[in-house]
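Worksheet: one structure, shown below.
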Amino acid sequence: MQDQVLGQVARLGQVAHAHLATRFLTDALARGGPLPSGICLELGSGTGQHTPLLADAFDHVIAVDLARQMVRRAPAQLAPRLEAIYPVVGAGTLADIVAEAKANEKVFNQRVRIKLRGSYSRHYRRGLPKLLRALAFRCNNTTFQPVMDALNLLQRYDGSDAVFYDRAKTVPIEHVVPEDWQEAVVDERGRVERIPYELCVLVALRKAIRRREIWVEGGKPGATRRPTCRPTSTTTGTCTTRR
């Protein structure tokens, strides 16, 4: 039981902060100048994700972690360097730590959404209709059709003061609204609020453009990509936004 709870704690921390930890550690080692020789003790090594970075800088690394499940996930070549220390606290305390970590993560995500909403609604939102009128987006991948449909929906509501979309309208949610944003977009009555939905559409559009699955008309689509949308009786093979 303790191992399972500790594994949950470790995974929460690694998922949320892994990329930042790698960047900070790399920067710290680079700025540290000549490092002392000898043994390096890595506390909370997890699966050994950062152990190779330390091994390159020190003569010997001893990596330890409370969660045996995390140590077992370490690559085979790191196994001799990793050691699990059995926890001295009870399973109830560890379960409380997991619950608190999840609650804090939820509160943090809520604060991020509120901040983004405020900044977008007070400033950037005014430029969205002009942007959509000036640009025409294209794609040839049906996977991204929900994003194209969402852009069309935003254009149809240009100039509207409505807070929510009409229930008679089909509002694309899948592939547009991330799971952790759905409670901010869809209220308890099933209504879709426009401002948070617009934010999700813009984020989904940015990701698609970066992947070259959606591009601006007149721009250069992903010429090296193989077609992922074949014409059928119901699909023309080209998805476009209405002007």
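Please give the number of the condition D180 fails out of (1) at pLDDT 90 or above; (2) in contact with a helix residue (DSSP H, G or I) (Cβ under 6 Å, 6 or more places away or on another chain); (3) of a type outside the set (S, T, N, Q). (1) is the only condition that D180 fails. In region 175-221, what count of residues is obtained for those that are of a type outside the set (V, I, T), within 14 Å of the chain's Cα centre (by Cα) and not in a helix (DSSP H, G or I)? Number satisfying all stated conditions: 2. Is it true that some residue in region 56-76 is at pLDDT 70 or above, in a loop (DSSP other than H, G, I, E, B) and out of contact with any helix residue (DSSP H, G or I) (no Cβ under 8 Å at 6 or more places or on another chain)? Checking region 56-76: at least one residue is at pLDDT 70 or above, in a loop (DSSP other than H, G, I, E, B) and out of contact with any helix residue (DSSP H, G or I) (no Cβ under 8 Å at 6 or more places or on another chain). Go through P129, P52, P146 for me and flag whichever is in contact with a His (Cβ under 8 Å, 6 or more places away or on another chain) and modelled with pLDDT of 80 or more. Sole residue among the options that is in contact with a His (Cβ under 8 Å, 6 or more places away or on another chain) and modelled with pLDDT of 80 or more: P146.
Can you find a residue in region 119-133 that is in contact with a strand residue (DSSP E or B) (Cβ under 9 Å, 6 or more places away or on another chain), surrounded by 14 or more Cβ atoms within 10 Å (Cβ to Cβ) and of a type in the set (G, A, S)? There is no residue in region 119-133 that is in contact with a strand residue (DSSP E or B) (Cβ under 9 Å, 6 or more places away or on another chain), surrounded by 14 or more Cβ atoms within 10 Å (Cβ to Cβ) and of a type in the set (G, A, S). Of the set (1) modelled with pLDDT of 90 or more; (2) over 15 Å from R125 (Cβ atoms); (3) buried (at least 20 other Cβ atoms within 10 Å of the Cβ), all apply to R194 but (2). Scanning region 115-150 for residues that are outside the structural domain of G219 (by TED's automatic domain parsing) and under 21 Å from the mean Cα position of the chain (by Cα) yields K115, L116, R117, G118, S119, Y120. Would you say P172 is part of a helix (DSSP H, G or I) and touching a helix residue (DSSP H, G or I) at 6+ places or on another chain (Cβ under 9 Å)? It is false that P172 is part of a helix (DSSP H, G or I) and touching a helix residue (DSSP H, G or I) at 6+ places or on another chain (Cβ under 9 Å). In this structure, does V112 turn out to be of a type outside the set (D, E) and at pLDDT below 90? In short, yes.
The values are calculated or read from the model by the stated rules, or taken from the named source; none is laboratory data. None of these values were measured; they are calculated from a predicted model. Note that each Cβ is placed from the backbone with ideal geometry, even for glycine, and that neighbours are counted across all protein chains shown.
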